[in-house]
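One structure below.
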Amino acid sequence: MTGANSFSVSGYGPDRAGWTRLFARDSVTRRLDWPMLLSALALSGIGSALIFSATRNRTEINQGDPYYFLIRNLMNTGIGLALMIGTVWLGHRALRNAVPVLYGASVLGILLVLTPLGATINGSRNWIVLGGGFSIQPSEFVKITIILGMAMILSARVDAGDKPHPDHRTVLQALGLSAVPILIVLLMPDLGTVLVLVTIILGALLASGASNRWVFGLLGAGVVGCVAIWQLHILDEYQINRFAAFANPSLDPSGVGYNTNQARIAIGSGGLTGAGLFHGSQTTGQFVPEQQTDFVFTVAGEELGFVGAGLIIVLLGVILWRACRIARETSELYGTVVAASIVAWFAFQAFENIGMTLGIMPVTGLPLPFVSYGGSSMFVVWVAVGLLQSIRVQRPMSA
Amino acid sequence: MTNIPETGRTPRVQTRLVVIQILVLSLLGTLGGRLWYLQIREGAQYQKEASGNHVQQVVQPAVRGSILDARGVPLADNETRLVVSASRTDLLKQKDDGKAVLTKLAGVLGMDPQEVMQKVRLCDAKTPQPCWNGSPYQPIPITDEATAKQALQIRERAEDFPGITAEPEAVRRYAAPGKSNTAQVLGYLSPVTDEEIQKAKDTSSPYLRSDMVGRSGLERQYDAQLRGKAGVTRYEVDNLGRVIGKAKSDAAEPGSNLVTSIDARVQRVAEYELDKAMKAARQQYDKITGTNYKADSGAVVVMEAKTGRVVAMASAPTYDPNVWVGGISAKDYAALTGKNSDYPLLNRAIQGQSAPGSTFKVVSTAAAVEAGYDFNGNYPCTSSYSVGGQVFKNFEGENFGPISLGRALEVSCDTVFYGLADNEWKKDGGINPKKGQPKDYFFKAAHQFGLGQETGLDLPNEVTGRVPDRAWKQRYWEANKDAWCRTGKKNGSYVEKIAYENCLEGNKMREGDAINYSIGQGDTLVTPIQEAVIYGAISNGGTMYTPTIGKAVVSADGKQVTEIKPKVRGKLPITKATRDMMDQALAGVATRGTAAWKFAGWPQDKIPLHAKTGTAEVYGKQTTSWLATYSKDYSVIMTISQAGTGSGASGEAVRNIYSALYGVQANGSIDNKRALLPTPQKSLPKIQADGTIAAPKISGDPAKDQEAIAKQVAEQGGTTAPDDDQGTAATTNTPPTGNRDTRRRQRRRGSRRTTA
């Protein structure tokens, strides 16, 4: 399989000036998927404004500096952009070779979380606190690892031309590879991330062309697993309560149902054009908890109204649409699986996050890609964008 | 490898990618649809919820306006007291519903723990006072008499007293200037109830949870003006209740002050004299019942004759209105309203009604003149009047021969009026008049004099009294005939015989009814305020005024003064000539008639007084005394239940009230400096630039001052003691000393008697 290597990035003469090279007709820059990139940047920009609105008055968490979260979010976005460029530069294929290292590192990371080094926030032991106000969430990085790992295993023999579709053994290998980190994340317990990881696996299996039996088998197993978890009381009380509150938010408006209720009031009160940025009384009054992270969409709903909140959904739609196109147009199954997994990931996470603020999904702690505050999640979504761009840059030029 | 397409995808993969894309799109579509539903379709609803979410009201109670007397002396105002209150919601959160805390609190306050717990319980149908009838979410005052030390104890150990607060608050004070009491006129306050809040929600003056509401008297009548408007500041708050902005602010508007026509000094004199007269009556022996007079209740009204403004209104027995302040105790409440109480909350000047006795004769005189009898004609004043088998006796069988109506008023001759009323009854067709035939001059006159209906004065719950005319008799018979016919026996006891007769013809105007009615006996009921209006009207030439106590409502800043103008209610149905003759006759009552023995030595030439005595019978009780009087400025009415004759029981007291008003000394001289109110107070008290109202100093006890002066003058060789019987006219038939014997007619045909 040497054909794949013919799409090397370094196909340009060394005599060209840097900037000319950058914008040459068949340059990397020209081949980037700009609609996706601009949408992602727009989402990050909107996110920064919303985060600023939600945190500028919250002296108890912003240490008296109204710009604390804004600056950090801009920094995170900058780091995310750098990571994206790095990913494109390295290329998704190069990263395929690094999967064993990445895998080892992320499993080690999430294991560390379970040790005394980890910190519990909102009932989940999910963070490793670094010094200086920084902390990372290793489970976020697991998403990338699993995407690359699944894609690597599932596509290896197909891309080698041995098989039209991954066989059972390959699928089993891939599932085995994913099972270890999923189990660890389940122990944290971080149900939201587990759901995302399962969705990623489903997406990967679907896109890889694995037998329908696996797809439906996995779905069935998921259902059985949910029932078992419910029956065996594996979930913590707060998780069960979240589901109960989802089913009936008026159950206990000041307790369990508080988040959902207040979130819905905030969004509903926005109307068509919203109260205007920084003018939402629900936001200013801090009625919605976690508003700069998981519930950031409520700020958009209240202050920017249907127009602004709808724009966020549209921008996410653009990113997903472009990603789907990339999945369809790449020549290797590896790229297809990676792109499709990212689509599954983004789509599920966005739907779950926005859905819970709108009261159509139960509350789980998942950030809204690009928009929510949070370093780790910001980094990995930009890495994912980097992967998608890399796949696009290296796909065959379809004239 | 050829079967692998260039793109690296099999058809299966391709289909699945399309499936993924469709799935993703439908998820996003779902979000968009839901967003539209929440923000556009249901947006208005959520906007409402959002605004309710983050707005908190802070209520600043308005200071209640003062009630002032005619010169600006406060009768009711506010003072700052330390109020200890308990929050029910906080108490109920505790394990034992707060019992331990309340017991500890009772210890600090030196109260009975039982009493404290009673104050905190909520009122309902089964719970007697004391209980809380305000909102259960509002702090319940336990005492407003906490000392600074007690308040400190509670505040410093706040953790020991969860749900208990000690705060300074403005509370009502009934100042009792110059020892005047004025309790029933002022009324009292109690916390607003939930129903009242609901009812007044959409009116111009809605209640707030913390409001106190006037429950009787002026406090109730002028509640809307006195209450003012509580300040409400709406704050936007965050989820923890911290204020993040001010949404709307309505400053508190203090209540307006009410200037009344009451003069605290005259009020005190009236109260003092009423009390003294009642005590004196209790020393008098009643020959008929063989015991001393009970003198269980009484009332005095002093009214401006030319305006209807009430200068003093006293009712006995009375109570201290300050017992209501800060919640009433069980003991106090029972003493005011219990079965064994003498019902001191009743304002007997407007809520006490009894047969008017001979004071009614002015009505009968007017009726007779209206019916065509000459005022100066000759009417036989025989010692008795016989109809059929019945004998209606004149008082003590007196016989004055043929006399005029004026003289009949002077000497209060009953038989003259018996004859006139009987004549008219016969003219009207006797017991079975034809339809439309009866002219009923005597009953018509009573209605024209304003009897049988409220005078409309500005106090709540005034009673109407009663004119026992044909319509009333019919109604009353229909309501009671079943009981009468059941218990009535032809040859039974007195009561049974009456019931028997009533059963047969109680709906008809019987001859005896008409005869009794003519001298204010029988079923006629009047209130002291009604009499004050009638005698005031005779004084001023025939204009009946709607009595008023409120004189002006002055806004707290003094800028808005709403005067309450005297209101004419009607004219007496008498000509000026009749009025003048009646006036003369009533002056004769004071100089040579039934009241003369009490007004001897009065400077009648300078201050002409007019009077009519009355002694009304009440079945099963001692007689009610009435004394209706007027000068050119005032009408003064006094009545005491179970106290004997009008002049005997009240003569001295009424004279003393006039003496105080006009500054008349015991020797008959007039000292203008000592006169409390020689002419009615016309102007309003001076309102200062800052809205406060200047009030003159008032002596410790004006009534005692007056008494002291009288004594002093007497000791310095004053000529006559007021009690001495030195009637100007020898013709007056006055007993030598003390309370005259009760006037008592032999009555065969009694009927329903009502108590005073």
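How far, in degrees from 0 to 90, does helix B:264-282 lean away from the longest principal axis of the Cα atoms of chain B, to the nearest 10? Between the helix axis and the principal axis of chain B, the angle is about 60 degrees. Based on Cα contacts under 8 Å between residues 6+ apart, region B:361-454 shows a relative contact order of 32 percent. Projection of the Cα convex hull of the protein assembly as shown, averaged over all directions and equal to a quarter of that hull's surface, yields 66.1 nm². Applying the Karplus relation 6.51 cos²θ - 1.76 cosθ + 1.60 with θ = phi - 60° to region B:449-461 yields 3J(HN,Hα) values of 7, x, 7, x, 8, 5, 6, x, 6, 7, 9, x, 6 Hz, where x marks Gly and Pro. Note on the protein assembly as shown: dipole from Cβ charges, positive end direction compared against B:207, B:187, B:251; the farthest Cα belongs to B:207.
Rounded to the nearest 20 debye, the dipole magnitude of chain B is 1480 debye, with +1 charges on Lys and Arg beta carbons, -1 on Asp and Glu beta carbons, and the Cα centre as origin. Just check region B:144-207 against the gyration tensor rule for me: Cα atoms, a ≥ b ≥ c as the square roots of the eigenvalues, rounded for a/c under 1.5, and otherwise prolate or oblate depending on whether a/b exceeds b/c. Taking the square roots of the gyration eigenvalues as a ≥ b ≥ c, region B:144-207 is oblate. In the structure shown, the pairs B:435/B:490; B:306/B:682; B:361/B:612; B:179/B:704 are assessed against 20 Å; a Cα-Cα span above that value is assigned to B:435/B:490. Compared with the dominant Cα axis of chain B, that is its longest principal axis, helix B:576-591 is turned about 80°. Legend: P(r) of region B:75-132 from all alpha carbon pair distances, 5 Å bins from 0, whole percents, reading 4, 17, 23, 22, 17, 9, 6, 2, 0, 0. Positive contributions from Lys and Arg (+1) and negative ones from Asp and Glu (-1), summed over other residues with Cβ under 12 Å from the Cβ of residue A:181, come out at -1. Ranked by the mean number of other Cβ atoms within 10 Å of their residues, highest first, the peptides B:564-572, A:365-373, A:175-183 come out as A:365-373, A:175-183, B:564-572. In this calculation the C-beta distance from residue B:18 to residue A:216 is compared with R0 = 22 Å, giving a FRET efficiency of 0.75. With each label modelled as a point 7 angstrom along the Cα→C-beta vector, the residue A:186-residue B:686 pair spans 9.4 nm.
With viscosity 1.567 mPa s and temperature 4 °C, the Kirkwood radius over alpha carbon pairs of region B:376-487 converts through Stokes-Einstein to a diffusion coefficient of 77 µm²/s. Relative to its residue count, region A:247-377 spans a Cα convex hull of 106 Å³ per residue. Based on C-alpha pairs under 8 angstrom that are at least 6 apart in sequence, chain B has a relative contact order of 15 percent. Sorting the segments B:322-332, B:361-371, B:578-588 by their mean number of nearby beta carbons within 10 angstrom, highest to lowest, gives B:361-371, B:578-588, B:322-332. Averaged over the residues of peptide A:313-325, the number of Cβ atoms from other protein chains lying within 10 Å of each residue's Cβ is 3. Applied to region B:255-261, the Karplus parametrisation 6.51 cos²θ - 1.76 cosθ + 1.60 on θ = phi - 60° returns per-residue 3J(HN,Hα) values of x, 6, 8, 10, 8, 9, 8 Hz, with x for Gly and Pro.
Over region B:443-484, the Kirkwood radius and the radius of gyration, each from Cα atoms, give a ratio Rg/Rh of 1.10. Per-residue shielding of B:41-50, expressed as the average number of other chain Cβ atoms within 10 Å of the residue Cβ, stands at 6.
Remark on chain B: Rg and Dmax equal 35.0, 154 Å (Cα only).
Each residue in A:352, B:156 was given a count of other beta-carbon atoms within 10 angstrom of its own, and listing them fewest first yields B:156, A:352. Here the Kirkwood formula, the inverse mean of 1/r across different C-alpha pairs, assigns region A:30-393 a hydrodynamic radius of 20.9 Å. Residue by residue, region B:327-338 carries 3J(HN,Hα) couplings of x, 8, 7, 4, 5, 5, 5, 4, 5, 8, 10, x Hz when phi is fed to the Karplus relation 6.51 cos²θ - 1.76 cosθ + 1.60 (θ = phi - 60°); x denotes Gly or Pro. Among the residues of A:278-287, the average count of other protein chain beta-carbon atoms within 10 Å of the residue beta-carbon is 5. Overall, the anisotropy analysis places region A:330-384 in the oblate class: the square-rooted eigenvalues a ≥ b ≥ c of its C-alpha gyration tensor yield a/c not less than 1.5, with a/b not exceeding b/c.
Seen against the Cα atoms of chain B and their longest principal axis, helix B:646-662 is set at about 70 degrees.
Read-outs throughout are calculated quantities, based only on the coordinates presented, and are distinct from any laboratory measurement. Only a predicted model underlies this, so the values are computations on that prediction, with no experimental measurement involved. Using ideal geometry, Cβ is built from the backbone for each residue, glycine included, and neighbour counts are taken over all protein chains shown.
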